[in-house]
1. Who wins for biggest fluctuation among 239, 18, 159 in a Gaussian network model of the chain, springs between alpha carbons below 10 Å?
2. Can you tell me the order of 214-221, 163-170 when each peptide is scored by its average per-residue count of other Cβ atoms within 10 angstrom, highest first?
3. Any idea how far apart residue 274 and residue 152 come out in nm if each label point goes 7 Å out from Cα toward Cβ?
4. What per residue convex hull volume, in Å³, comes out for the stretch 77-138 when only alpha-carbon positions are used?
5. What pairs in 131/185; 106/131; 108/131; 241/310; 105/185; 108/185 have C-alpha atoms more than 21 Å from each other?
6. Mean projection of the alpha-carbon convex hull of the stretch 1-100 over all orientations, in nm²?
7. Using the Karplus equation 6.51 cos²θ - 1.76 cosθ + 1.60 (θ = phi - 60°), what ³J(HN,Hα) coupling, rounded to whole Hz, does each residue of the stretch 207-214 give in order, writing x for Gly and Pro?
8. Working out 0.36 nm times the residue gap between residue 182 and residue 337, then minus their Cα-Cα distance, what length gain in nm do you get to one decimal?
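The values are calculated or read from the model by the stated rules, or taken from the named source; none is laboratory data. No experiment lies behind these values; they were computed from the predicted model shown. Methodologically, a virtual Cβ is constructed for each residue, glycine included, from the backbone with ideal geometry; neighbour enumeration extends over all protein chains shown. We work out accessible area using only protein heavy atoms, side chains counted, and drop any ligands, DNA or RNA first. Shrake-Rupley method; radii C 1.70, N 1.55, O 1.52, S 1.80 Å.
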Amino acid sequence: MSTVIAPPEHNVTGIDYAERGHFRYTGPPILDIHSHVMLTQPTDPPNAPPGPLTAEASLAQAELMLKVATSFAVDRIYTMCPAEHIAPLRERFGDRLGFNGPINKKTKDEPDDEAYRLLDHFLAERVEIIKFWAAPRGRDRGLFVDAPWRIEAARRARAAGVRIFMVHVGDPDVWFRTVYTDAAKFGTKPDQYVGLIRLLEEFPDVTWIGAHMGGDVEHPDHLEELLQCYPHLCFDTSATKWQVREVSPRRDAVRALMCRYPDRFLFGSDLVTRHGLPREHYVSRYWCQRTLWESAWEGQSPMADPDHSKTPGESPPLCGVNLPANVLDLVYHANAERLLATR
Ligand SMILES: [Zn+2]
């Protein structure tokens, strides 16, 4: 009997990430509009937001990630982190970081005032973006994108001068076939967009960013319909495994869409700092993002992707979209700079 050692999730193909000859972009520094740069500590839960800061909280992972970002020409990075992380991050990294405050409830019964207190804390820290996370798995906690307390939070944030709101609605199509099979509990995929449309109509005077390509890169025609109807809606390119897996098989349609609406897409990674992550984890996401958007590279994705295959080492194809230089310039930095300057 032989033991198969699974390759690391950040490099299942044994690729040399120093090979970047296919990168074409040489313009101004890239802005990452979607990340989760935080202090980390050994007691952080593996897949949930970190607990209160302790004496062991460290900036080492944030330093590592920002160093890797620099090597990919990514300069300014917007992060969603707990409000009490903002001051230490700002003190250490200064203008390199911008902040996005996620307004959530920990339980279904948490009073609305807790959410407003959280908002006040973020506003006191001068966040430029407010985020509403409304994935189907948050429905049992009442995390609907258009929950009344979120609409009120959006009103208050807007009154305080916030001009950009980010939402997570939807999730990969494949999850609706595997984890979200109970439509009564999670809703169907189209159900996820009802609340978003309500917000878009109620708040036409601010910018809305649909995270992870609006949560529906599987259907570029749906994204186009939304872009057409709502001129104040943009999408970010974050969630690297999802984008690689689903953009690659329909890259011509995605390229055509981005070329028709070049000022509506923003570069994002969705990288999360976690205690003990190796440098190559951060490298893998930025390498794949840049490869996907700016090159015509074709090959097996170096990232493990359990939504593609449970067999270690079996990752999906990565087929570069090869965006034209003028579109790349907008997506990589100019669109975000234009939106953020309006504050
Ligand atoms: Zn995220």
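1. Per the Cα network of the chain with a 10 Å cutoff, 18 tops the list.
2. Values: 214-221: 21.6, 163-170: 24.6.
Top to bottom by mean Cβ count within 10 Å: 163-170, 214-221.
3. 3.5 nm
4. Working: hull volume 5.1 nm³, N = 62.
Hull volume over Cα atoms, normalised by residue count, gives 83 Å³.
5. Table pairs above 21 Å Cα-Cα are 131/185.
6. Over every viewing direction, the Cα hull of the stretch 1-100 projects on average to 9.3 nm².
7. 8, 10, 10, x, 5, 6, 6, x
8. On the way: separation 155, 0.36 × 155 = 55.80 nm, distance 4.08 nm.
51.7 nm is the gain from fully extending residue 182 to residue 337.
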